[in-house]
Amino acid sequence: MDAREAAAEAPMDDVAALMETLGRRARAAAEQLATVPTAAKDAALRAAAAAVRARAAEILEANAADMQAARAKDLPPAMLDRLRLDGGRVDAIARGLEEVAALPDPVGSVTEEWTRPNGLRIQRVRVPLGVIGIIYESRPNVTADAGGLCLKSGNAAILRGGSESFHSSRAILAALQDGLRAAGLPPDAVQAVPTRDRAAVGALLGLTGLVDVVIPRGGKSLTARVAAESRVPVIYHLDGICHVYVDRAADVEKARAVVMNSKMRRTGICGAAETLLVDRTVLDSHLRPILADLLEAGCEIRGDAAVQALDPRVRPAAEEDWETEYLDAILSVKAVDGVDAAVEHIQRHGSHHTDSIVTKDAATAERFLSRVDSGIVLWNASTQFADGGEFGFGAEIGISTGKLHARGPVGAAQLTSYKYVVRGDGQIRP
């Protein structure tokens, strides 16, 4: 057992010192990464992908231990699905790292440039954020996604995964650090908090001067704690209370496909639809077959009075259902009086994550897309496209629901800031 393994058993009194040590190591690594050539970062990512495949048996063994403990705790099916790895998911982790390696390097790219009348040449250039602390819950693949994206964008990462995925995440971390060593980069560029002690989260949130930004990816209790305690800037990934609105001008077959995929493809991800809104004038023609599809697929429906009247299997919706992220095969359904009422409902009850309209009417679609204030808005497409990989980002750390810095899928480019580079020829200000 090395020093970091031993630290997993560190008493609570030592957690603050442990986290400060991680922070100092990360800061030193970040200073190196800021100027590392693209080729070296990409080599590390490709080597990490190879290491994930080579360590697949170890990763699956670690995940089996996590799954056994999770079942013993009687965790809900959605959380078990997030936690579970198999051969296909492990290979997807490796492919994700390779896709990040193939992306353009955001660091050093010039996003704007101009010349002033006095001859000064000004450029706005992307630079790394520095050290990023990422706090997430039960999805072990986030370890690879977050570590890979931070590396690509020249940032050092301190990862604090959920206790449910402790062993899985450590096994994946070992592969990432294999890749860093193979490319001659510091393994401290991607570190994981080596203890399940919850005090480590509080210590991470207080590492001013060592950590530049924190990204929480989890439920309300996690984000509430981060909001209350963090002394470090935060990029929030809040609840995925996602909506699909079926307009009176919707193609019924498209609506059936979009709603079914939005809800049932994977119910435990943040892009899963939690509320369906349907124009009141097409309840019989459009909603009735959609309800039949969902109920046949095993989805519980909670509806208002108009929806309950269509099928006796629909349960009554309570007021809190409109603001619940089920992460399960449950969908709240409401009849609304047109697109404006749908938008009003989304603005009042949504989480500014992802919302979709199904309609053939372009003017109605544009009204929805312009008025819904969410990180992602879609027209005639499933909410489950709320994913960095589907946006061409290779992977994502999360879906930012805030308005400052990054919004929507947070990929490598979104993990950079910028500085202004000014080149002159002896100019002085009068």
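Laboratory data are not the source of any read-out in this text; all were calculated from the coordinates shown. Small disclaimer: the values here were computed from a predicted structure and weren't measured. Cβ placement follows ideal geometry from the backbone for every residue including glycine, while neighbour counts extend to all protein chains displayed.
Annotations
- Reducing the range 397-425 and the range 165-200 to their Cα centroids gives an inter-centroid distance of 25 Å.
- Here r is the Cβ-Cβ distance between ARG95 and GLU320 and R0 is 41 Å; the resulting FRET efficiency, rounded to 0.05, is 0.55.
- For the residues GLY402, GLY298, GLY394, a GNM of the chain with alpha-carbon springs under 10 Å puts the largest fluctuation on GLY298.
- Around LEU180: net Lys/Arg minus Asp/Glu count, Cβ-Cβ under 14 Å: +2
- Cβ-based exposure ranking for ILE428, ILE132, ILE330, in which fewest neighbours within 10 Å come first: ILE428, ILE330, ILE132
- Cα extents of the range 343-392 along the three principal axes, largest first (Å): 29, 25, 14
- As an equivalent ellipsoid, the range 208-276 spans semi-axes of 36, 11, 10 angstrom, where each value is the square root of five times an eigenvalue of the C-alpha gyration tensor, largest first.
- Database remark: amide H of CYS242 closer than 5 angstrom to the amide H of GLU274, THR275 (H placed geometrically; neighbours at sequence offset of 5 or more, or on other chains; Pro and chain starts carry no H).
- Among GLU58, GLU137, GLU113, the order by Cβ neighbours within 10 angstrom, fewest to most, reads GLU113, GLU58, GLU137.
- Gain on full stretching of the segment that runs from ARG198 to ALA102 - 0.36 nm per residue minus C-alpha separation: 30.9 nm
- Overall form of the range 178-224 per C-alpha gyration tensor (a/c, 1.5; a/b vs b/c): prolate
- Residue among LEU222, LEU120, LEU103 with the largest mean-square fluctuation in a Gaussian network model of the chain, springs linking Cα atoms under 10 Å: LEU120
- Spatial extent of the range 109-149: Rg and Dmax, with the Cα atoms as the point set, Å: 18.2, 56
- Maximal additional length on extending the GLN347-THR111 stretch stands at 81.7 nm, based on 0.36 nm per residue less the C-alpha distance.
- The distance linking the range 62-135 with the range 379-394 is 15 Å (Cα centroid to Cα centroid, whole angstrom).
- The range 307-354 versus the range 212-245: alpha-carbon centroid distance in Å: 23
- Mean projection area, nm², convex hull over Cα of the range 134-285: 11.7
- Of LYS73/LYS263; LYS220/LYS254; LYS152/LYS419, those spanning more than 21 Å from alpha-carbon to alpha-carbon: LYS73/LYS263; LYS220/LYS254
- Volume in Å³ per residue [convex hull over Cα atoms, computed for the range 255-337]: 83
- Checking every one of the trypsin sites (Lys or Arg not before Pro) in the range 288-341 against DSSP loop status and a limit of 14 other Cβ atoms within 10 Å picks out ARG313.
- Filtered trypsin sites (Lys or Arg not before Pro), the range 109-208: DSSP coil and at most 15 other beta carbons within 10 Å: ARG196, ARG198
- Other residues with beta-carbon under 13 Å from the beta-carbon of ALA413 carry, at +1 per Lys or Arg and -1 per Asp or Glu, a net charge of +1.
- Each of GLU344, GLU320, GLU325 was scored by other Cβ atoms within 10 Å of its Cβ. Listed from fewest to most, they are GLU320, GLU344, GLU325.
- Alpha-carbon Rg/Rh ratio, for the range 242-385, with Rh computed the Kirkwood way: 0.91
- With viscosity 1.002 mPa s and temperature 20 °C, the Kirkwood radius over alpha carbon pairs of the chain converts through Stokes-Einstein to a diffusion coefficient of 93 µm²/s.
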